[in-house]
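Any read-out appearing in this document is the output of simple, stated calculations on the displayed coordinates, not a laboratory observation. Since the structure is predicted, the reported quantities are computational estimates derived from the model, not experimental observations. Quick reminder, even Gly has a Cβ in these numbers, built from the backbone with ideal geometry, and neighbours come from all protein chains shown.
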Amino acid sequence: MRAVLPVPFFPDGKSDSIVQVQGVNLRLADNTQRHRTDDYEMTKGDDPVLVVRRGEPFKLTLELSRQYNVDRDALAFVFTVRGEEAPSYTKNTVAVVPLGFRSSNEAFRGTSSWNAVVLSSRDTFLDVEITPPPNVIVGDWIMDIDSKSRSENDNTGFRYTHKDPIYILFNPWCRGDTVYMDDTKMRYECVLMESGLIWRGSHSRLRPTVWSYGQFEKHVLECAVYLLRRVGRLPSPSCSDPVKVVRHISAVVNSPNDEGVVEGNWTEKFSGGTAPTGWTGSASILQQFYKTKKPVKYGQCWVFAGVTTTVLRALGIPSRPVTNYYSAHDTHSSLTVDQFYDDNGEPIEKLNKDSIWNFHVWNEAWMMRPDLEPGDYSGWQAIDSTPQEASDDTKEERDTMLKALRKCNHAYSRYYLNDELEDISFDFGLIDDIVIGSPFTVKLSARNKNPTKEYHAHVIMRVETTHYTGNNRKLVKTDQFDVTIKPNSREEVGLEVTYQDYEKLLLDQAIFNIATMATIKESKFDFFAQDDFRVRMPDVKIETDSDALVGKQLHVKAGFRNPLPKPLTKGVFVIEGPGLAVPLRLPVKQKVPAGGEAKVSFYLTPKTAGPKAIIAKFSSKELSDVDGFKSLDVREASFLESANQSSEGFRLACDLLWVDPDKDIHGWGENDRGVYFPFGPYAVFKFLKKNDRNLISRAHQVVEGGYEFFGKHELVTLFSTPN
């Protein structure tokens, strides 16, 4: 790295004639707020680092060995991609940025060049502004600052190396960045929102699952950069291109590719890991992977999509999960989904290689596409981080399928062209919105529209549990019926399924496949229909006892009523929410009887303001994948609300409240020390508890910081109400 310097520098040397950098103030609060990176956990704490977005200037204050002299001193910033073995100017993995003045650097704004200018100088402090180009490599950079004399005959110099890296991210707020997004609302949701809905269920019964993305949590950004540089090893120059970045991330999120983040598992056996339905968010997955460098067990499509969303948002790329219902998986590349059933309506598994998933979740990422031909290709780009199915069928299997098709005597043509089809119509369905633990009935209705002719039908009905991928079917119940359909009449048959029928066969998504086959004996007309539906899980209800304020402890209760006709044992709630560094695991210590309530209570303290969510997930030996959420609008605490969090602050707030000079307002004294003294702490407590905008009586002047400032007359305005 030293070889790229144009002149020799001596980091430990001393010279009175050459200015030296002795320290750097990153101005974290100002920079992170301006770059919308102040929520990243790594920008806080005892050893914070700077996180900025490319194409946007950030400010530094340099502490020098003496006052800066523009005619005498030359300073240059050297930015190098962290960990780069052979930094290269041509590959843009190193940049030397001379410090200039705004007038001489105006031409560089908005270009692909770095820019550094002096803002002001005072004593030994120098304020500078640095702008990375909008197409710079995304990741962590090392910053060196070189100083030397402007004298042509003096090649002696000094180097200051900043101890921590500076993270540079994609910038959807910068028009020069290829991930720029003009829609303010969508940009906020797809970059800054820390939680959101991922949709599961079936096309007839959608299920919203709240997912905590946690892109700002501890070690998440570090893990995202690690995935770029170390897993699959995307070349550093490619880390500037969002097209290459999202392709890379979609590959390394799943473990079959380069030992990625999440190991997929579509069985019902999840020993040695967490069931896919047990996760509530991405942060704990990424934190575990970053710590162990081994795939985290286990995930399915929505888990892969949730983790991918988190990684892309952490890097600054707008991203969102997308759910497709009734999602066909064609393993034969035939552009059709082929399904085969025997005369009893039972699937022929050896022929059914294709599948229709109840749902499938992938991702979209927002970016321009200058790599494609001119056209309307920019915007949302689809990527899928779920491991793809390989077509492992043999020639014999394909030949068997072809023979079966030839022997079917064009069944679908017979269905559409049958002369008798106009006489008989079928309606197949069931009562929806069934809560787990309840029975349900599958019904087939047949209508004869012929005014004189009677028809006879043989009906087969099947109910199976199935995985959301359409595989691993288990027969719950089947029955056959012979039905006589009289002229101008309707007949109905039904198959009732009880909880006892399905309780031991239900798979992790609580999904059923319902199929019915009807044959009209007077013709060769066959009717076949199938559909998927799921029994609904109860919702966890979440309640809070007060407004959500930054820095204020919030009491939360979560619970639901047991819908099963048996007790729940070994129950555990997993909680994610604002201010929780890791998810809470709260066991339910006692059995929850049938119809009884499973409930827990806990506290959390939000750290930042804005839209947040509390997420609760429950699992037990008998019932799992039960969840719920509560949206919060966390706001900064007012003066009185902040003071009310401690007895000392409470007393101070009481002393600050002046009496209302209007004697007509009942309940106010005339003591100029506030209401605490004439009315006592109980009256003041009532005042503070009732203090809200709906009860404002009038504005009052109070002394900022306490009564010890009376002499300084530093006044601010607060509101108060009668007690």
Margin query: If you filter segment 236-270 for GluC sites (Glu not before Pro), then keep DSSP loop positions with at most 13 other Cβ within 10 Å, what is left?
Written below: GLU268
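Fewest to most neighbouring Cβ within 10 Å: what's the order for VAL220, VAL600, VAL243? Show your work: numbers first, answer last.
Working: VAL220 24, VAL600 20, VAL243 17.
With the sparsest Cβ surroundings first, the list reads VAL243, VAL600, VAL220.
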Item checked: Sorted by Cβ neighbour density within 10 Å, fewest at the top, the residues VAL19, VAL556 -> VAL556, VAL19
Next item on the list: Describe numerically, in nm with one decimal, the distance between label points set 7 Å from Cα along Cα→Cβ at LYS599 and at LYS449.
Entry: 5.6 nm
Margin query: What does the extension gain come out to for LYS294 and THR519, with contour length at 0.36 nm per residue minus their alpha carbon separation?
Written below: 75.5 nm
Next item on the list: Determine, from the Cβ-Cβ distance of ASP427 and LYS269 and an R0 of 41 Å, the FRET efficiency 1/(1 + (r/R0)^6), rounded to the nearest 0.05.
Entry: 0.55
Item checked: About the Cα centre, charge dipole magnitude for segment 136-251 (Lys/Arg +1, Asp/Glu -1 at Cβ), debye -> 600 debye
Notebook entry, point to check: Which of the trypsin sites (Lys or Arg not before Pro) across segment 14-46 are loop residues per DSSP, with 12 or fewer other Cβ within 10 Å?
Noted result: LYS14
Next item on the list: For a footprinting-style exposure proxy, rank GLU217, GLU85 by other Cβ within 10 Å, fewest first.
Entry: GLU85, GLU217
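Compare the peptides 370-378, 440-448, 248-256 by average per-residue count of other Cβ atoms within 10 angstrom and give them in order, highest first. Can you show the working numbers first?
On the way: 370-378: 9.3, 440-448: 19.1, 248-256: 22.9.
Packing order, densest peptide first, comes out as 248-256, 440-448, 370-378.
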Next item on the list: Could you run the Karplus curve 6.51 cos²θ - 1.76 cosθ + 1.60 with θ = phi - 60° over segment 422-427 and give me ³J(HN,Hα) per residue in whole Hz, x for Gly and Pro?
Entry: 5, 7, 10, 10, 10, 10
Check: Working out 0.36 nm times the residue gap between GLU129 and ARG585, then minus their Cα-Cα distance, what length gain in nm do you get to one decimal?
Finding: 159.6 nm
Item checked: Rounded if a/c under 1.5, otherwise prolate or oblate - segment 148-221, Cα gyration tensor axes -> prolate
Checklist line | Dipole moment magnitude, nearest 20 debye, segment 414-531 about Cα centre, only Lys, Arg, Asp, Glu C-beta charged | finding: 200 debye
